[in-house]
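First up is the structure itself, then whatever we jot down about it.
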Amino acid sequence: MGKGVKIKIVKKESGFTLLELLIAMFLTVIVSTAIYMAYNSQHKSYTVQEQVSAMQQNLRAAMYFMQKDIRMAGCDPKKNASGGGAAGAEIVTANVGEIEFTMDITGGESDGVDNDSDGEIDEAGEWYNGQLGDAGERVRFKLDNDANNDGIADGFPCNLGRELGGGGLQDIAENIEVLNFLYLDGSTPPAVTANRNDIRQIIVSIVARSERPDPEFTNNQSYAVTLPDGSSQVLLAAPGDHFRRRLLSITITPPNLGI
């Protein structure tokens, strides 16, 4: 071998075999699928919780307005000589799906009359005047899509409306499917009555529905309210659809009824 000749040894480089590539791809697919399923599950859970939260917020808002107003039904503080209120405040309409009532709660601070007979005219806090017709003294609650007044929405969208002084229904809660009123008398235990003059308590029940369906959920629950005698009354039979719903029911005792 001549002097100065260099011999270069080439090393054989090894790469991935086809089997190794297939295994790597298989593992990548498994990991990616697991990550997607976890993300999808979390996303669905978040969506459901968001809709449930919206329903609960609707129910709280609706009940806030209704309880505040209905407790004042029949408020008529200016007494006349023969007893009773001078304004004639009362429950005007008492249907299963609608209530309307009047109350004397404004006008006394600016009418130039000593309504509370304390020697001062139009002082602060003299809020009643013995008359109806002032702003906010006539209130009505009803679903804005319930032509039959049966308390069940005829279709969607359907919202709960509040009307002041005949000005038309103004929405106070969205996606309300059921608005139900049960009227109780003063007996023990209270019994359901259809006579407006006998009403002493009012059971208000609202069923809110989710805005969007959940294809993986089927609603087979019926919604009912429990009466004072222990019996129950179904408000909405099991719909069998994919919408989630929440029921909120309270009993309101207007202190002015029957006085």
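The values are calculated or read from the model by the stated rules, or taken from the named source; none is laboratory data. The structure presented is a predicted model; accordingly, all values stated were derived computationally and were not measured. All Cβ positions, even for glycine, are placed from backbone atoms using ideal geometry, and neighbour counts span all protein chains on display. What goes into the accessible areas is simple: the full protein's heavy atoms, side chains included, and nothing from ligands, DNA or RNA. Shrake-Rupley method; radii C 1.70, N 1.55, O 1.52, S 1.80 Å.
Computed values, structure above
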read-out: Neighbours by Cβ (under 6 Å, 6+ apart or cross-chain): first from the stretch 225-254, in contact (Cβ under 8 Å) with a residue 12 or more places away in the chain; second hydrophobic (A, V, I, L, M, F, W, C) and part of a loop (DSSP other than H, G, I, E, B); value: H242/F217; P254/A73
read-out: Matching residues in the stretch 167-183 - criterion: being in contact (Cβ under 8 Å) with a residue 60 or more places away in the chain and more than 15 Å from G97 (Cα to Cα); value: I172, A173, E174, N175
read-out: Pairs, first under 16 Å from L143 (Cα atoms) in the stretch 43-64, second open to solvent by 50 Å² or more (accessible area, probe 1.4 Å) and among the acidic types (D, E), C-beta under 7 Å, six or more apart; value: N58/E174
read-out: A87, sole failed condition from (1) open to solvent by 30 Å² or more (accessible area, probe 1.4 Å); (2) over 18 Å from L59 (Cα atoms); value: (1)
read-out: Flag if L248 is closer than 17 Å to L143 by Cβ and out of contact with any helix residue (DSSP H, G or I) (no Cβ under 8 Å at 6 or more places or on another chain); value: no
read-out: Residue match in the stretch 33-46 (condition: under 29 Å from V207 (Cβ atoms) and surrounded by 15 or more Cβ atoms within 10 Å (Cβ to Cβ)); value: no
read-out: Strands (runs of 3 or more DSSP E) lying entirely in the stretch 155-217 (those with 3 or more residues that are open to solvent by 30 Å² or more (accessible area, probe 1.4 Å)); value: 170-173
read-out: Members of the stretch 61-95 that are under 17 Å from the mean Cα position of the chain (by Cα) and modelled with pLDDT of 90 or more; value: M63, Y64, M66, Q67, K68, D69, I70
read-out: Candidates P228, P255 - the one that is open to solvent by 70 Å² or more (accessible area, probe 1.4 Å) and either acidic (D, E) or more than 23 Å from D144 (Cβ to Cβ) (or both); value: P255
